[in-house]
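As C-alpha cells, the structure follows; a few thoughts come after it.
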Amino acid sequence: MEKYDVFIAGAGFAGSVAAKFAARGGLRTFFIEKYKTPRMKSCSGIQFKYLSRIIGEKIPQEKLCSNEIRKISIILPNEKGLKTSFKMYNFTREIFDDWLNKIAIRYGAKFQDETSLIDWETEDNNFIVTIKDKEKNQLKIKTKYLIDATGLMPKIRMKQRPQDFENHSSGATINYYFKGQSDLDPECLYQYWNLDFNNMMFAWIYKKNEFWVIGTGYDKDISQIGQNFFNFIKQKYNLEGEIIRKEGFSSNMIMGEGRVHLGSGRILYVGDAAGLVDMYRGLGMDAAALSGRLAAKAIIKAEKNHKNAGILYSKYMNKHVKQTNKNIDKRIYNLKNNDELLTYMKKNMVKMGIKLLYHKFFNKFRRVKNIKLLPA
Ligand SMILES: Cc1cc2nc3c(=O)[nH]c(=O)nc-3n(C[C@H](O)[C@H](O)[C@H](O)COP(=O)(O)OP(=O)(O)OC[C@H]3O[C@@H](n4cnc5c(N)ncnc54)[C@H](O)[C@@H]3O)c2cc1C
C-alpha cells in the first residue's frame, strides 16, 4: 500500500494550494480530483489582487480573461447606486485551477484526476483512504494527515459531522452565459442588491472573455428567480444574441451559525469544506487558498515539533474564522423587504468602502496569514 504524509481530496483552490505548500515543506503529498482536469467549476472567478500573495505566485497574464475588471457598480433596490474604479482579477476556474494543480505538481506533489475519495477509516496512527480511479478500480492509500478540500459537499466532513447538513438544498445559484451585443460595460462588475433577485447577497453581471455572465442565488425557486433577473437585465441593457449555456450549483450545508468548522487533530477541513465561503463578502477563493496554505503550514510545524496540527491550524485561522462568523450575522438573508435592504445598504456602504480602501493598502505589508479578507 502506498504511504503518504498528507492526502488531499479535491483539487480546487483549497486543495491545490494545500498540496503546493505541503510538498514545498518536504511532505510526501498526494492530491486527487474527481473530474478530468481542466474541469469547469461554477464560479465568477473574480478576486482581489492580494490573491497573488496568498497563493505565493505571480499570476501570468495568460491565466486571466481577455477583458479586465476595472470598475464596480453597486445598484440598490431603488435603481440608484454608485460606480467606482477598482481593479480585480478576472479568470475562469478551469484555466486557473489547472495552473494551480501544475504548480503543486512542480513542487513534488503527486496528482491524479478522475479519481474520487470513496471512504476512509482510522488504523493505528494513520488513515486508510479508499479511492476510485477512472477505470473504477478501488485502491487503498495510507496517510498520516487527511485534508478535506472537496467543496460544499465535503465527503470527509459529511461523514464526521452529518449534523452540519440538511437533507435538501440550503441554497442554489444559476449563471446564464450569453453571447451577443449589449449596453453593458465589459470592464465592470455589476452588483444588483435587490431581494427580488437574490436573498443571500447581490445578483451579478460581468464579462468573461466572449460571454456576458448574468447570475444570481436564492434559497428557493432558483430557476424562476434566475430567469426573472435575466429578463430584467436583457431589457435594461438591450441584450441581443443568444444564451449559450446555463450553469447551476447547490449545496445542502447549513449556511447559518456553526457553518465554519476546521476539523481537528490530523483531519483538517479547508475552503468551502470548512464552510469558509462568505456570502456577505460574495467571495470564497481567497479564504480557500489561505486555509489550504495554513493547513499545510500547521502540518509541517506539527511534524517538526510533535504538536497537534488541528490546534495549530485553528490558531492560524482564528481571525479569519471570527470574521466569517461575524459576517454570517451580517447576511441580508434575514431582511424582510427591499426597504429594509435599502436602509441597511445606505448605513453600511460608506463604512464598507472606507474599510476596503484602508485594508487594501495595509494588506500589502501584512504577513500572508494576517491578510484581511475583503470586503471587511
Ligand atoms: C456561482 C458562484 C460564483 C462564485 N464566485 C466567486 C468569485 O467571484 N470569487 C470568489 O472568490 N469566490 C466565488 N465563489 C466561491 C468559490 O467558488 C468557492 O469559495 C471556492 O471554489 C472554494 O474552493 P474549494 O477549493 O474549497 O472548493 P471547490 O473549488 O469546490 O473545489 C473542490 C474540488 O473537490 C472536488 N471533489 C469533490 N468531491 C470529491 C471527491 N469525493 N473526491 C475527489 N475530489 C472531489 C470537486 O470536483 C472540486 O474540484 C463563487 C461560488 C459560486 C457557486
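Nothing in this text is a laboratory measurement; each read-out follows from the coordinates by a stated rule. These figures come from a predicted structure and were not determined experimentally. Glycine also receives a Cβ, built like all others from the backbone with ideal geometry; neighbour counts cover every protein chain displayed.
For this structure, a couple of remarks:
- Between the helical axis of 285-305 and the longest alpha-carbon principal axis of the chain there is an angle of about 20 degrees.
- Rounded D (µm²/s) - segment 234-376, Kirkwood Rh over Cα pairs, Stokes-Einstein at 37 °C, 0.692 mPa s: 187 µm²/s
- Acute angle (nearest 10 degrees) that the helix 93-106 long axis makes with the longest principal axis of the chain, alpha-carbon atoms: 30 degrees
- Residue pairs, from the table LYS49/LYS301; LYS159/LYS319; LYS246/LYS364; LYS132/LYS179; LYS220/LYS322, whose Cα atoms sit over 31 Å apart: LYS246/LYS364; LYS132/LYS179
- For segment 202-285, the equivalent ellipsoid derived from the alpha-carbon gyration tensor has semi-axes of 33, 14, 11 Å in decreasing order.
- Rounded to the nearest 500, the helix-only mean residue ellipticity at 222 nm of the chain stands at -10500 deg cm²/dmol, with each DSSP H run of n ≥ 4 adding -39,500 (n - 2.57).
- For the listed residue pairs LYS83/LYS236; LYS87/LYS355; LYS63/LYS87; LYS63/LYS102; LYS87/LYS297, the alpha carbons are over 19 angstrom apart in LYS87/LYS297.
- Chain lengthening between ASN125 and GLU340 when straightened (0.36 nm per residue, less Cα-Cα): 72.0 nm
- The stretch between PHE362 and LYS134, if pulled fully straight at 0.36 nm per residue, gains 77.5 nm over its current Cα-Cα span.
- Take the Cα of HIS168, go 7 Å toward its beta carbon, and the backbone nitrogen atoms of segment 210-227 under 11 Å from that spot belong to 220-221.
- Contact order, relative form, for segment 186-315: 15 percent (alpha carbon pairs under 8 Å, 6 or more residues apart, mean separation divided by residue count).
- Cut-off 16 Å, label 7 Å out along Cα→Cβ of LYS319, residues of segment 11-55 by amide N: 50-51, 53-55
- Percentage of interatomic Cα-Cα distances in the chain larger than 32 Å: 32 percent
- q = 0.09, 0.10, 0.11 Å⁻¹: log10 I(q)/I(0) that the Debye formula gives for segment 1-155, counting C-alpha atoms only: -0.36, -0.43, -0.51
- Segment 109-168 and segment 299-356: distance between their alpha carbon centers, rounded to Å: 27 Å
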